[in-house]
Every structure is written in C-alpha cells, then in structure tokens.
Amino acid sequence: MARLRVLLGIALGLGCAPLAARDAPPPIPAADPVTLDPTVPPALVQAGPSLDQRVTIPIHIDGKGPWNFIIDTGSQRTVIARDLAERLALPTRSTVTIISMTGRSQATTVAVPRLGFGDDMLDDIEAPVLEGDDLGAPGLLGLDSLHAKRVLLNFRTGRMEISDSSTRHPVAVDPDTIVVQARRRRGQLILLDSEVNGMRVAIILDTGTNFSVGNLALRDRLIAKKRAPAMIEASLISVTGGQLTGQVGRIKSVRMGRVNMIDVPVLFADASPFVELGMQDKPALLLGISALRIFDRVAIDFGRGKVDFLLSDTGALDRTRFAAKDNPRG
C-alpha cells in the first residue's frame, strides 16, 4: 500500500500550510483508483514545500518583485514569508491570532505598503508573517485581496487570472460551462445544492489546500447512513507545528449542482476552521485543488457569489474517471 501524500492548508485567517507524507509518492489524483487498507499504520506528515501543487500568481510589493504567491481562497488574510518580509524591511505592526488546521496560535504582522497583481494594486495590507519553508512560497494571496474579484483557474493552459467581478465587467461564458450558485459566510463562498454520497453538505472551494478535508459531522453521517468509504489514519503537522490526526478515505460521489465528481480523496478530521466558520455540527467539506484539476477551468466569482465549472472534453475521458454533467433535478 503506497503511503499517501497529503497537502493541507490553513483555511481561515491565515492561508495554507503544505503538509506531506515523508518519502511519499505523488498525490493521488481524484480520478485514479486506490484501495485503502485499514491495517496500514498511520502516515506521519510534515511541512514540505517541494510537494506543492497549488496555484500561484506573480506579486509585486512596493514596485519590487515579482514573487509567486499562492492563491488561497480558503484564507481570510494575505500572508507573507518571514525571509521576504525581512528582505523588504517591512515594518512590524501587531500580533494577531491565526487559525490553522490544528487550532489557534499567535503571529506578528507587517505593513505591506503596496501589493500588485496583474492590473490591480492594493494599499496598506497588514499581513501575518510565517516561515517561508513552511508556507512553501513567498506568500499567500487571501480573501482580503479577492473579495470583489473573479479568480479564473485555467488548468488546461496552466494560467491563472484575477479580474474585477463580472457584476461590473460581464465575461463571455462557454456554453459547456456549469454554473453553481453560492452563499457567503465570513468572506467564504459556500456552494449551494451540494451533496456527498447523496447527502446534503456545505462545500467550500479551497485553492490553498491540495487535499480535501471533511469535518467529523460529515464522517459520522456517512457512517450512520452506511455510505462511508474505507479509511486509514493520517497524522498531520500544520505550519504552526500542531499535530492533527484524521482518517483518509475516497468519497464515491461529490456533487455540486449538475457537476458530479467521483472517487475524491478526503481527510476527515476535527479541524479548527470548521469551528471558526460555525460548521462543526453539520456536514461540511473543504474541496482542495487536486479535486478541481479534473476541470479545464474553474472561475470563482466572489462579487456575484457563483462558481463556473468548465468540464474537460468528455470524448477524451474514460467514463469512470471524469466529472460528469448530471441531469437537472426537479
């Protein structure tokens, strides 16, 4: 049984922490089959930037750069690596509480005078500082920089674009695109009409984490309904040094509107972000970037509160391995 590589992130107030199993093989794509053996001992995972598959964008700070920051739609704050903050001599501001997968901790912040990406420029960002080796990048671009933006992840071309929300600048929509509506909660977009193995669930797209994370309420509901997958344990160490133990299994079906994804790896754990979002008692899922890569494009429109999914050319895909259009439900 190959040991799993797990990349998880800080989903609220901080950003993403890359976590990976030591000496592990590459991450298992959502479409690849796998057998999970409950007899395999827990896999110890630790910080490691070399295993990162998240999406980045060139960032300029006060006219200098660029540096490739990770786009993290699961983080409420933009974060900067300590070595970069020191290199730029950014002034210290204050101490703040950050929320990682394993709980609360303290971090200092620095004043970022001007942060630029694409044609956009943001002034006076107060960014928490973390170790660059733990982040796996010079920084994270969080929701404080994206709240009125449309983030387009083009997995076919490997390009990522950020533009103003289409409330002000309408964009052409491919006729094969499936649109899923969402509601806001603390800056996050929670997808409506979503299910896991036929059960209602709140889904948040988290581009700052490679692996998908489900809460214990989701795991327990799946077990009660006899719809739970086989699972093995995995111990995780977050960017703040805390350890979290959870169970990894493959979800047979994750449906968002008329999009259905199959065989999605999920870590079930008592992760702190669910508590901070008030979602610990109802089934919830943070859907990571590895699951989204089976699409050609994903556009997250924070201004309009919707997500556009463009499916790959189904003619080139094995029917057992793709995200399919479901028939609309009455």
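The values are calculated or read from the model by the stated rules, or taken from the named source; none is laboratory data. Just so it is clear, the structure is predicted and the values come from calculations on it, not from any experiment. Every residue, glycine among them, receives a Cβ derived from its backbone with ideal geometry; neighbour counts consider all protein chains shown. Quick note on the areas: whole protein, heavy atoms, side chains included, nothing else; ligands and nucleic acids left out. Shrake-Rupley method; radii C 1.70, N 1.55, O 1.52, S 1.80 Å.
Details
- Backbone phi angles across segment 205-216, fed through the Karplus curve with coefficients 6.51, -1.76 and 1.60 (θ = phi - 60°), yield HN-Hα couplings of 7, 10, 6, x, 10, 6, 8, 7, 10, x, 7, 5 Hz in residue order; Gly and Pro are listed as x.
- Nonlocal amide H pairs with Ile251, under 5 Å, H built at 1.01 Å: Val264, Val266
- List Lys226, Lys149, Lys282, ordered by accessible area with a 1.4 Å probe, largest first: Lys226, Lys282, Lys149
- Between amide H atoms placed 1.01 Å from N, distances below 5 Å from Arg93 occur with Thr109, Val110, Ala111, all of them 5 or more places distant or on a separate chain.
- In this rough spin-label picture, where each label sits 7 Å from Cα along the Cβ direction, the Met199-Asn154 distance is 4.0 nm.
- Amide H within-cut-off set for Leu192, under 5 Å, with H built and near neighbours excluded: Gln181, Ala182, Arg183
- The phi-based Karplus calculation (6.51 cos²θ - 1.76 cosθ + 1.60; θ = phi - 60°) puts the 3J(HN,Hα) values of segment 81-98 at 6, 4, 5, 6, 4, 5, 4, 8, 6, 6, x, 6, 9, 7, 10, 10, 8, 10 Hz, whole numbers, x for Gly and Pro.
- Taking all protein chains together and a 1.4 Å probe, the residues Ser253, Ser75 rank Ser253, Ser75 from largest to smallest accessible area.
- Nearest-0.05 FRET efficiency for Glu233 and His60, computed from C-beta distance (R0 45 Å): 0.55
- Sequence-distant lysines (8 or more away, or on other chains) whose Cα lies within less than 19 Å of Lys226: Lys252, Lys282
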